[in-house]
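The values are calculated or read from the model by the stated rules, or taken from the named source; none is laboratory data. The structure presented is a predicted model; accordingly, all values stated were derived computationally and were not measured. In this analysis, Cβ positions are derived from the backbone assuming ideal geometry, glycine residues included, and neighbour counts consider all displayed protein chains.
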Amino acid sequence: KAGVTQTPRYLIKTRGQQVTLSCSPISGHRSVSWYQQTPGQGLQFLFEYFSETQRNKGNFPGRFSGRQFSNSRSEMNVSTLELGDSALYLCASSFRGPVPRYNEQFFGPGTRLTVL
Amino acid sequence: AQSVTQLDSQVPVFEEAPVELRCNYSSSVSVYLFWYVQYPNQGLQLLLKYLSGSTLVKVINGFEAEFNKSQTSFHLRKPSVHISDTAEYFCAVNPNFNKFYFGSGTKLNVKP
């Protein structure tokens, strides 16, 4: 089974631009969660999508948004980029269900975003 | 509210020595507990998990963790570390099938 894939792996943008990152979950997984990882703040939860609906949201400004398609692929968008948005953005997928093992998260390799 | 605390941001240790990475959590509901490992320039990989049953969880590469409900802890241990264990380790809780909460991470640096 193919793992979680994220594209692109690396991205360089300038302040004020916007960016879209993509995540393809493991086949059959219906939930996609996004995290921002920085040296100073660690791993911070952005949001989770399940069945094309945002189910959970972290404490990030409205510049950060996402969506999920019918095939469970997800995109996140950051508008009006700031220097502080430079980070590794990780996506994780899970089946999501009432049984604990269904909620194990599998992570992709991440997209390294650098804002200049 | 849920939270995860990893008290040690960095742990230096010599090869073949034992190591313990500490993780404490707070939660008002039942939780499921995980340890993830992250190697440089990679995503997180699941190391081990506690969902139910025996409170001592062991995996094939020698790592183990024990769920202690009274102390709300899930410390990760290995009796003898290897250079290749150098990585960052994250503890996470998943209360009641809701979102995951991650600790701030512990960088394990194994020296020869």
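Quick notes on this structure:
- Segment A:16-27, residues that are more than 14 Å from every other protein chain (Cβ to nearest Cβ) and either closer than 18 Å to A:Arg96 by Cα or part of a strand (DSSP E or B) (or both): A:Val19, A:Thr20, A:Ser22, A:Ser27
- Residue identified as more than 13 Å from A:Ala87 (Cα to Cα) and facing another protein chain (nearest Cβ under 10 Å) among A:Gly3, A:Gly62: A:Gly3
- Of the residues B:Phe63, B:Phe97, the single one that is among the aromatic types (Phe, Trp, Tyr) and at pLDDT 90 or above is B:Phe63.
- Apart from one condition, B:Gln71 fits all of (1) surrounded by 12 or more Cβ atoms within 10 Å (Cβ to Cβ); (2) modelled with pLDDT under 90; the exception is (1).
- Residue within segment B:90-106 that is touching a Leu at 6+ places or on another chain (Cβ under 8 Å) and of a type in the set (Lys, Arg) present: no
- Residues of segment A:1-15 that are assigned to a strand (DSSP E or B) and over 15 Å from A:Val115 (Cβ atoms): A:Thr5, A:Gln6, A:Thr7.
- Qualifying residues in segment B:2-31 (those that are surrounded by 19 or more Cβ atoms within 10 Å (Cβ to Cβ), among the aliphatic types (A, V, I, L, M) and within 10 Å of B:Gly103 (Cβ to Cβ)) - the one farthest from the other protein chains (Cβ to nearest Cβ): B:Leu21
- If you go through segment A:15-58 and keep only what is of a type in the set (Val, Ile, Thr), surrounded by fewer than 17 Cβ atoms within 10 Å (Cβ to Cβ) and within 30 Å of B:Leu7 (Cα to Cα), you end up with just A:Thr38.
- If only residues of segment A:72-100 that are assigned to a strand (DSSP E or B) and not aliphatic (A, V, I, L, M) are counted, the one that is surrounded by the most Cβ atoms within 10 Å (Cβ to Cβ) is A:Cys91.
Matching residues to (1) at pLDDT below 95; (2) surrounded by 15 or more Cβ atoms within 10 Å (Cβ to Cβ); (3) under 20 Å from B:Pro18 (Cα atoms):
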{"position": "B:Leu33", "(1), (2), (3)": "yes, yes, no"}
{"position": "B:Gln45", "(1), (2), (3)": "yes, no, no"}
{"position": "B:Leu48", "(1), (2), (3)": "yes, yes, yes"}
{"position": "B:Gly53", "(1), (2), (3)": "yes, no, no"}
{"position": "B:Leu56", "(1), (2), (3)": "yes, no, yes"}
{"position": "B:Arg77", "(1), (2), (3)": "no, yes, yes"}
{"position": "B:Ser80", "(1), (2), (3)": "no, no, yes"}
{"position": "B:Asp85", "(1), (2), (3)": "no, yes, yes"}
{"position": "B:Lys107", "(1), (2), (3)": "no, yes, yes"}
